[in-house]
Each structure stands twice: as structure tokens, then as C-alpha cells.
Amino acid sequence: MKTDVAIIGGGPAGLLLSQLLMRAGISTVVLERQTRSHVLSRIRAGVLEAGTVQLLQDAGVGERMLREGIPHDSCYLTSDDTLMKIDLMEACGKQVMVYGQTEVTRDLYEAQDAMGATILHEVSDVALHDLTGDAPFVTFRHDGADQRLDCSYIAGCDGFHGVSRPSIPASVRQEFEKVYPFGWLGVLSRTPPATPELIYANHARGFALTSMRNAMLSRYYIQVPLTDRVEDWTDDAFWAELLARLPPDVAASIVTGPSIEKSIAPLRSFVCEPMQWGRLFLCGDAAHIVPPTGAKGLNLAVSDIFYLSRALIAQYSDGNDDLLARYGQDALARVWQAMRFSWSLTKLMHRFPDQTDFDRRMQVAELAQLAASSDARRLFSQVYAGLPY
Ligand code: FAS
Ligand code: PHB
């Protein structure tokens, strides 16, 4: 097999890159470890930045998102029972779109099928070769046979546990990591959302978040100790704890119901530098992980794909590889800004096990500054709604 760009991983990053490159006449092959139904069963991100909304439209996959997505002009932060509105539109003239990552992935699959894309599922033993030469290739097993894919470039879109990042020699890689001493227990329920906007709650009992997917599909999270397992939490126990962490009038508006998905996600901040090595380019979770507090994970994956698709199209359209040479530098500049925001909001909104009274006063002071200062809210809003590419 031969293609222009081999894409390892068929999550949102890999599928979006394939979609953008194929629309520019650049051939791709996507190698995905799981089945399509497994990829589409994942419940993950829910908030799309303004730039993500635009790039999905540029890729020709924005039609259902614009029809079914919910534009949000603001979000709320609470400190114990005090509710504070962050008016994104007033502060920075942008809004975000609530539209689940699962739906984004479904739209990408549909568009890729329509373009006759080559997406191989249930591949195994993927290995990358000759990355520093000008003729890299990928070996893998598929349909019970050993396969080889020759290409000009490889995009590593295979997530945090993929093979792409480790294909960069350890002597070349520098990894930055912070692991948080808690996780998020998330529940999806076929119930109407508690409030029209998202609420991030800082409460003495721990962090909580109210979100949604549509008018009859709500998404809620509570901070839990790392030692908790999902089987430790009955639906009733989850609802009781969520309501206890929200202001009374918000808690009163929560409609409870059976969970249709319940899982615990650990929280970490992670960045790998460089994001490129020879003909290999890392994108999305393969290169970085953010705590979901800032709703940046999926949006950073899209950001990387903006930079890499632009660079590859420039290379193939007029032989200019300047953007390819600076892909990692361009992508990382935006990654670190989102990394800082996600770390800062996680520090602001969670109760840490070793938190001192002074630490809590710092949270109270920072929340008070957000409530009092339009400049503080503008800085918050510019990153939350999405910095420019
Ligand atoms: P993905 O991990 O989505 O996709 C990588 C793909 O590569 C997968 O399909 C995998 O099967 C495949 N793969 C892996 N190894 C391979 C190999 N060796 N060969 C071939 N294929 C391979 N972000 C938010 O913004 N908000 C959230 O609330 C949120 N919640 C999350 C909850 C969980 C449990 C997790 C894990 C992540 C969450 N995220 C959230 C972040 C998430 O949305 C990611 O940022 C997003 O999926 C990134 O997309 P990709 O980079 O495409 O990686
Ligand atoms: C979600 O709806 O899943 C969601 C929303 C905002 C976040 C994290 C997750 O910050």
C-alpha cells in the first residue's frame, strides 16, 4: 500500500486530518486499533471552541453541528453557594458550542465514507519506520496478515497510549507532567439539563460540573478521590453528592434519572516536546493531555490539526515546507496557553486533599477578582472560548 499521509488513530484528530487533506487532494490512510462502533461508543468532550466550530465547517462536517449543537454565550462558576456569570460574548465577543465529541466523530466518519476514505479498523502491531528519511513507512497487522504502508508523512493521532509518541527517541523527547490527586466521576442521563448554561462548582465537598448534550441528555461530573472505583457509586449516591455541591436553587432544578453512562477519568496535565521528529507529526492526545476542567482536550486536538493540515497542504500545493518545519513550534505555543488555563482552572475550582486554609483563601480571592474585574473575565473568556490559531 502507498499513500501521501499515513494517519495513526481514527479518533477526532485523525479523522479530521484525513477529511481536510482529502478535500485538498492529498491521499491518506487511517489506521485505527478499535472497531468503528467502539470509537463511536466513547463519551468524552462536550464543548467546542469557536475555532473548532469554524474548522469543522471548513472541513464540510459542520451542518448537523449547526443544526443540533447548542450555542452558549456564557458559563457560571460557583464558590460554595455564590453563583458568578462569565458572559463570554460580552467579555470577548465569542461563544462556544455544546456538541458532543461522539457526534463530531460520527459526522467525520459519515463525511469520510462519502469521500471513499481508507480507514482500516482493528489494526494491530502498528510500528513506524525510517522516520528521519524521506520515505517513511508503517507496518501493521490487519485481517490476519502483515501489511506495509509506504508514505511521505506520518501523523501520530493515536492518543495518549498510542505508539507514535514513543517512536520519537527518548533522548529526543522532553515530557512535562502533572498528575492531580483526584478524578472526575461522569454520568450521562436522559434528563433535561438543570440550567441552560454550564456551571463549574467549587464546593467544600469537592468540584462539580453541570453540562449537557441536548434538551434531553445531561452530562454531570463530580470530583472523586483517585481510590474510588465506578462500582463504588450507585446512581442515587451520585445524585445526592452532585446536589449537595450545587447552590440550592440549582440543585432544586436537577432532574435525576438512571445513568446511561458512568465512568471515572483521571486528571493529568502532560506535554511532549517536540511534537514532530523527521516525517512524524504528533497531534492531539498523542502529544498532550489536559484536565477536562477547561474543556480543552478535543479543542487542542483540532488546533493541532489546523496547523498540520495547513502545513501539509502548503507542501503539496506549492512545495513550501516552511510551515511543516515549524508545525511543532506553532502547535506548542497554543498548547501551552491552553495547558496553563486548564491547570489554573483546575487549581481554582477543586478542593485538593492537602489544601491549606491559605490555599482556600487564594481560591476565594481569585474568584472575587473574576467577579469584580471585567478585565479578569475577559482574559478567562478569551481562552475558554478559544484563542486564535
Ligand atoms: P483519541 O484518544 O480520541 O483517539 C486516538 C485513537 O487512536 C483512538 O481511537 C485509539 O483507539 C487509536 N489508537 C490508539 N493506539 C493505536 C495504535 N497503536 N494503532 C492504531 N490506533 C490506535 N476533553 C474535553 O475537552 N472534555 C472532556 O470532558 C473530556 N473528557 C474525557 C474523558 C476521557 C475518559 C478521556 C480519555 C478523554 C477526555 N477528554 C475530554 C479528552 C478527549 O476528548 C481527547 O482530547 C480527544 O479524544 C483527543 O482526540 P484524539 O487526539 O483524536 O485522541
Ligand atoms: C462535557 O460536557 O463533557 C464537559 C463540558 C465542559 C468541560 C468538561 C466536560 O469543561
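The values are calculated or read from the model by the stated rules, or taken from the named source; none is laboratory data. Note that the coordinates shown come from a computational prediction; the quantities given were computed from them, not determined experimentally. Positions of Cβ are backbone-derived with ideal geometry, glycine not excepted, and every protein chain shown enters the neighbour counts. Surface accessibility is based on the protein's heavy atoms, side chains included, excluding ligands, DNA and RNA. Shrake-Rupley method; radii C 1.70, N 1.55, O 1.52, S 1.80 Å.
Listed values, structure above:
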item: Subset tally (residues that are open to solvent by 40 Å² or more (accessible area, probe 1.4 Å) and under 18 Å from the mean Cα position of the chain (by Cα)) for segment 28-39; result: 1
item: Subset of segment 152-210 (residues that are basic (K, R) and either assigned to a loop (DSSP other than H, G, I, E, B) or under 30 Å from T256 (Cβ atoms) (or both)); result: R173, R190, R205
item: Residue among A135, A111 that is of a type in the set (A, V, I, L, M, F, W, C) and either touching a Phe, Trp or Tyr at 6+ places or on another chain (Cβ under 8 Å) or assigned to a loop (DSSP other than H, G, I, E, B) (or both); result: A135
item: Residue tally, condition open to solvent by less than 60 Å² (accessible area, probe 1.4 Å), within 12 Å of I199 (Cβ to Cβ) and part of a helix (DSSP H, G or I), over segment 233-264; result: 3
item: Breaking point among (1) touching a strand residue (DSSP E or B) at 6+ places or on another chain (Cβ under 6 Å); (2) away from ligand 1 (no atom under 12 Å from the Cβ), for S253; result: (1)
item: Sole exception among (1) away from ligand 1 (no atom under 16 Å from the Cβ); (2) without any contact (Cβ under 8 Å) to a residue 24 or more places away in the chain for R340, by number; result: (1)
item: Cross-chain or 6+ apart pairs with Cβ under 7 Å, segment 319-335 first and buried (at least 19 other Cβ atoms within 10 Å of the Cβ), then small (G, A, S); result: L324/A311; Y327/A311; A331/S303; R334/S303
item: For S74: the one exception among (1) under 20 Å from the mean Cα position of the chain (by Cα); (2) exposed (fewer than 15 other Cβ atoms within 10 Å of the Cβ); result: (2)
item: Odd one out for G284 among (1) in contact (Cβ under 8 Å) with a residue 60 or more places away in the chain; (2) surrounded by 16 or more Cβ atoms within 10 Å (Cβ to Cβ); (3) in contact with a Ser or Thr (Cβ under 7 Å, 6 or more places away or on another chain); result: (3)
